[in-house]
Amino acid sequence: SSSDTTKESSTKSSVSKIELRGGSVPTEGNVFLNGHPVCDDMWDQKDARVACRMLGYSSGVPTNSSQFGQVPSEFILDDVMCEGTETSLLDCGHSSRDNCEGNEGAGVICRGSSINSQIELRGGSSNSEGNVFVNGKPVCDDMWDKDDAEVACRMLGYSSGLPTTKSKFGSVPSDFILDDVMCDGTESSLLDCGYSATDNCAAGEGAGVICKGRPMTPPPSPIQTKGPEHNHDDKHDH
């Protein structure tokens, strides 16, 4: 039926969900947009930078030939041509038709997490405390200490913080994103610290923080993935 053909033009304004699959750590993998892989034709450093920035990292290195495992063959983008400044891969030049196979998946190895890895505190009685969640998943408390808490609180815009353990602010889900976190306290993100991506933790082992020091205004997020259409709504001055 021809009802599918209209989806291409509307992709631009739909919010794009990007994820990496198949990597051994959260910072690498084959790129999936809205659940579909991206083909590696013309995939280069600039494209990787945009993909990694969508995920909250500052830069990245491209991979091709489905480096992180075979991908399904219904690709969402091919011939991606970013300049490197775009906020979303969907804003880059690309073809929505492809001539690609399951071994032609584009991937990335991202570096230098920006302050915008999504971090939030849950369960606290104020905004400055709670169990730590990164990209929606809890952090395990094995080896969690003051240096780690400092980094978590700085990601949230506070100047310092104290660590809490044993799911102090309530039970957490058991799909942990990080374990054995070992920050030296200078990093700008928990994902820049040494850590293990596999865990042996249960719901009673959530890491948390009590942050101190006035919150600084966080920088504007570079990962808004809505298209540019919304810039025209500015109020007109007469």
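On average, how much accessible surface per residue is there in segment 12-159, in Å², for a 1.4 Å probe, leaving out ligands, DNA and RNA?
Solvent-accessible surface per residue comes out at 41 Å².
For segment 22-110, just say rounded, prolate or oblate: build the C-alpha gyration tensor, square-root its eigenvalues into a ≥ b ≥ c, call rounded for a/c under 1.5, and beyond that prolate if a/b exceeds b/c, oblate if not.
The shape class here is oblate.
Over segment 73-150, what relative contact order in percent results from Cα pairs under 8 Å that are six or more residues apart?
17
Name the residues whose placed amide hydrogens come within less than 5 Å of the amide hydrogen of Thr63, ignoring near sequence neighbours (fewer than 5 apart) on the same chain.
Sorted by chain and number, the residues that satisfy this are Gly107, Val108, Ile109.
Under 20 °C and 1.002 mPa s, how fast does segment 92-161 diffuse according to Stokes-Einstein, given a Kirkwood radius computed over C-alpha pairs? Answer in µm²/s, whole number.
Translational D for this selection: 141 µm²/s.
Arrange the residues Glu83, Glu150 by how much accessible surface each exposes, largest first, with a 1.4 angstrom probe.
Final ranking, largest accessible area leading: Glu83, Glu150.
Sort Arg21, Arg53, Arg111 from largest to smallest accessible area, using a 1.4 Å probe on the heavy atoms of the protein chains.
Output order, biggest surface exposure first: Arg111, Arg21, Arg53.
Roughly how much of Ser188 is accessible, in Å² to the nearest 10, using a 1.4 Å probe?
60
When the Cα atoms of segment 96-209 are enclosed in a convex hull and the volume is divided per residue, what value in Å³ results?
133
Take the cross-link list Lys17/Lys46; Lys17/Lys212; Lys146/Lys168; Lys146/Lys212; Lys17/Lys166 and give me the ones stretching past 24 Å between alpha-carbons.
Flagged as over cut-off: Lys17/Lys212; Lys17/Lys166.
The values are calculated or read from the model by the stated rules, or taken from the named source; none is laboratory data. Treat the numbers as computed from the prediction; the structure is a model and nothing was measured. Please note that ligands, DNA and RNA were not included when accessible areas were found on the heavy atoms of the full protein model with its side chains. Shrake-Rupley method; radii C 1.70, N 1.55, O 1.52, S 1.80 Å.
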